[in-house]
Amino acid sequence: MIAGLSLAAFAIPESIAYATLAGLPAVAGLYCYLVAGIAYALFGTSRQVAVGPTSAIALLVASSLMPLAGGDVARYAVLAAATATLVGCCCIAARVLQAGFLVNFISTVVLTGFRAGAALYIASTQLPKIFGVADGSGSFFTRIGKLLTQLPQANVPSVILGVAAIAALLFLAHRWPGRPTTIVVVGGILILMHIDAIARLGIRIAGHIPNGLPAPSLPLVALPATDINALIPVALACFTLAYVETIATGRTLALAHGDPIDPDQELIALGAANLATGAFGGFPVSGGMSQSAVNDMAGARSPFALVVNSASIAIVLAFLAAFFSAIPDPLLGAIVVVAAVHLLHFDDIKKIWISSRHEFWVMAFALIAVLTSGILDGVIWAVGFSLMMVVARACRPEIAVLGELPGTTLYVNVEYNPTATVADRVLAIRTFGPWYYFNAMYIRHQLLRLVDASPEPPRLVVIDFSASPLLDVQSVGTLKTIEDDLRSRGIRLALARLYDETTNKLLRTHDLLAHFDSHQSVHDLVERYRTEQAGSASALGDGGSGTAGVKP
């Protein structure tokens, strides 16, 4: 109960702010929280995740749907609700197709860059509200440029109110983290706005919030097929954002409490939340980190807190809507700016810079893509870049040269273990990742390059497959080619630690395992080679032919 009331104290002003960010009537944000939480409570697996509108999705909706609405407010509201319905359908379809794993292709590095870019982009959209000037459009840099040209026309009372609200929100959040301090700032400023002298200062307000609960509808039925087709790309982008954010939030809280979370069931829960939101006049929702953190720190231990929050929203809509109609634009802008600040994780950016310069520039690409292209195109660029990273890494798998760790039977990467010794006239390598048709030739070229670069031509090459669980049909053929290449140079090939599936595939396609036990370790194969070489040397010393004990 306490957690639900605390969540409502945070969610009411936040939802109004995000609705205005989306370009919708303020009440649309309240409609989202009214029903989304109940739907998630019925199907979700997280005890603490709170589902509602988020800044990134709100801005994505605004930038994508406003051109389709053509200035028609009623049409825009229907388009937003229809998008939420389509997002719900995407979630259900993804669950049926078991496609939820696809979001795992969006790396943490790219997501960090996207969040940072989204934070700056979102903040830039709210600065005109704080300064009391006309809204800008275009990229982040275009908005900032237009704002600078309008500074002489800034409304001083709006600036004072906005800056004071940001300072108060940041101070109270730092002083009493996890408490519903937002409602304190909102309540105080709302009281001030009801004073005639302040109301006449020319500060813009959110506008009329109608009393009463919304009636359910079917927004997709009210739209022609051409509009629905135009909404599908927007819905897919919102689905990607919503599911990634919901899973990231759910996993973070689940780890903190030791609770289980089912990613597939979360698709059903998120789908139900968006279908309900679309039916009651809202816009796409997701499990947001800010509201979930408030819910968690207020003591939520079950989804019942979401039901309490929805009941509180219903009471506000039924009896207190007029009071919240006086919420000033600078305050709503301040709430969104403070929420955007929390998306900037400087520690994560610093860690990426320290650990990998390459991945830092990947993160920077995602950030710049959002700033220059906007949220929707930024999502597309970020997802596309993530998939390109996966393919690029798979095309050029890591290949490690192995040496024996002194005093053990372990063969490790000599690059990171300088004390490891390399066997005489033996080249042992380990490949990382599956062998596919698009990377097998790269592995072959790298292997032959290592053979050529050896101080003395090796007589045995051992490939350790312990980190390569799969070989497709074409890569099996490439492996046979590698064996032929090495045989032509008088070099034997040995295969170590093959997975059972790979072993069976090699036995069925090529007789590559006739002379080796595929489950042997690199150490066992090298020792067998040394024993054979010792036997060969002994035979030569006895006047033999030099071939005794050597397998063909």
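Looking only at residues that are surrounded by fewer than 24 Cβ atoms within 10 Å (Cβ to Cβ) and in a helix (DSSP H, G or I) in the range 42-57, which one is nearest to the chain's Cα centre (by Cα)? Give the steps one after another, and end with the answer.
Here is the first cut: in the range 42-57, the residues surrounded by fewer than 24 Cβ atoms within 10 Å (Cβ to Cβ) are 42-43, 45, 47.
Then keep just the ones that are in a helix (DSSP H, G or I); that gives 42-43.
Working: Leu42: 25, Phe43: 22 Å.
Among residues in the range 42-57 that are surrounded by fewer than 24 Cβ atoms within 10 Å (Cβ to Cβ) and in a helix (DSSP H, G or I), the one nearest to the chain's Cα centre (by Cα) is Phe43.
Quick one: how many residues across the range 405-434 are free of Cβ contacts under 8 Å to residues at least 60 places away in the same chain, assigned to a loop (DSSP other than H, G, I, E, B), of a type in the set (A, V, I, L, M, F, W, C) and under 24 Å from Tyr499 (Cβ atoms)?
Total satisfying the criteria: 2.
For the range 267-317, which positions are surrounded by fewer than 24 Cβ atoms within 10 Å (Cβ to Cβ) and either outside the structural domain of Val234 (by TED's automatic domain parsing) or under 21 Å from Ala173 (Cα atoms) (or both)?
Once the filter is applied, which keeps residues that are surrounded by fewer than 24 Cβ atoms within 10 Å (Cβ to Cβ) and either outside the structural domain of Val234 (by TED's automatic domain parsing) or under 21 Å from Ala173 (Cα atoms) (or both), the range 267-317 yields Met289, Ser290, Ala293, Met297, Ala298, Gly299.
Looking at the range 97-104, is at least one residue modelled with pLDDT of 80 or more and surrounded by fewer than 23 Cβ atoms within 10 Å (Cβ to Cβ)? Working first, answer last.
Quick first cut of the range 97-104, residues modelled with pLDDT of 80 or more only: 97-98.
With surrounded by fewer than 23 Cβ atoms within 10 Å (Cβ to Cβ) added as a condition, the list becomes 97-98.
Yes, that holds for at least one residue.
Which numbered condition in (1) of a type in the set (A, V, I, L, M); (2) within 21 Å of Thr531 (Cα to Cα); (3) surrounded by 19 or more Cβ atoms within 10 Å (Cβ to Cβ) is the only one that Leu410 fails?
(3)
Out of Ala94, Ala134, report the one residue that is among the small types (Gly, Ala, Ser) and within 23 Å of Ala26 (Cβ to Cβ). Explain how you work it out, then say what you get.
Working: Ala94 fails: within 23 Å of Ala26 (Cβ to Cβ).
Within the list Ala94, Ala134, the selection yields Ala134.
Take the residues of the range 376-398 that are among the hydrophobic types (A, V, I, L, M, F, W, C) and surrounded by fewer than 18 Cβ atoms within 10 Å (Cβ to Cβ): which is farthest from Gly113 (Cα to Cα)? Before the answer, list the steps.
Let us first name the residues in the range 376-398 that are among the hydrophobic types (A, V, I, L, M, F, W, C), namely 376, 379-383, 385, 387-392, 394-395.
If we keep only those that are surrounded by fewer than 18 Cβ atoms within 10 Å (Cβ to Cβ) too, we end up with 380, 387-388, 390-392, 394-395.
Numbers: Ile380: 13, Leu387: 15, Met388: 16, Val390: 17, Val391: 20, Ala392: 19, Ala394: 22, Cys395: 24 Å.
Here the answer is Cys395.
For the range 367-404, give me the residue count where each residue is more than 19 Å from Pro469 (Cα to Cα) and touching a residue at least 12 places away in the same chain (Cβ under 8 Å).
Residues that pass the stated criteria total 22.
Exactly one condition in (1) on the phi < 0 side of the Ramachandran plot; (2) assigned to a loop (DSSP other than H, G, I, E, B); (3) of a type outside the set (A, V, I, L, M, F, W, C) is false for Thr277; which is it?
So the condition that Thr277 fails would be (2).
Checking the conditions here, which among Val109, Val49 is in contact with an Asp or Glu (Cβ under 7 Å, 6 or more places away or on another chain), hydrophobic (A, V, I, L, M, F, W, C) and under 30 Å from Glu359 (Cβ atoms)? Give the derivation first.
Values: Val49 fails: in contact with an Asp or Glu (Cβ under 7 Å, 6 or more places away or on another chain).
Step by step, each of Val109, Val49 is checked, and only Val109 is in contact with an Asp or Glu (Cβ under 7 Å, 6 or more places away or on another chain), hydrophobic (A, V, I, L, M, F, W, C) and under 30 Å from Glu359 (Cβ atoms).
Scan (1) within 28 Å of Val27 (Cβ to Cβ); (2) part of a helix (DSSP H, G or I) for the single condition Ala167 breaks and write down its number.
(1)
Consider Ala279 carefully, then state whether it is in contact with a Pro (Cβ under 7 Å, 6 or more places away or on another chain) and more than 24 Å from Leu343 (Cα to Cα). Working first, answer last.
Working: in contact with a Pro (Cβ under 7 Å, 6 or more places away or on another chain): yes; more than 24 Å from Leu343 (Cα to Cα): yes.
Considered against the rule, which asks whether it is in contact with a Pro (Cβ under 7 Å, 6 or more places away or on another chain) and more than 24 Å from Leu343 (Cα to Cα), Ala279 comes out as yes.
Looking only at residues that are of a type in the set (A, V, I, L, M, F, W, C) and at pLDDT below 80 in the range 182-209, which one is surrounded by the most Cβ atoms within 10 Å (Cβ to Cβ)? Let's see the steps before the verdict.
So the first thing to find is which residues in the range 182-209 are of a type in the set (A, V, I, L, M, F, W, C), and the list is 183-186, 189-193, 195, 197-199, 201, 203, 205-206, 209.
The next check asks that each one be at pLDDT below 80; those that pass are 183, 199, 206.
Working: Ile183: 19, Ala199: 14, Ala206: 22.
It comes out as Ala206.
The values are calculated or read from the model by the stated rules, or taken from the named source; none is laboratory data. From a predicted model like this one, the values you see are computed outputs, not experimental measurements. Here the Cβ is made from the backbone with ideal geometry for all residues, glycine too, and neighbour counts use every protein chain on show.
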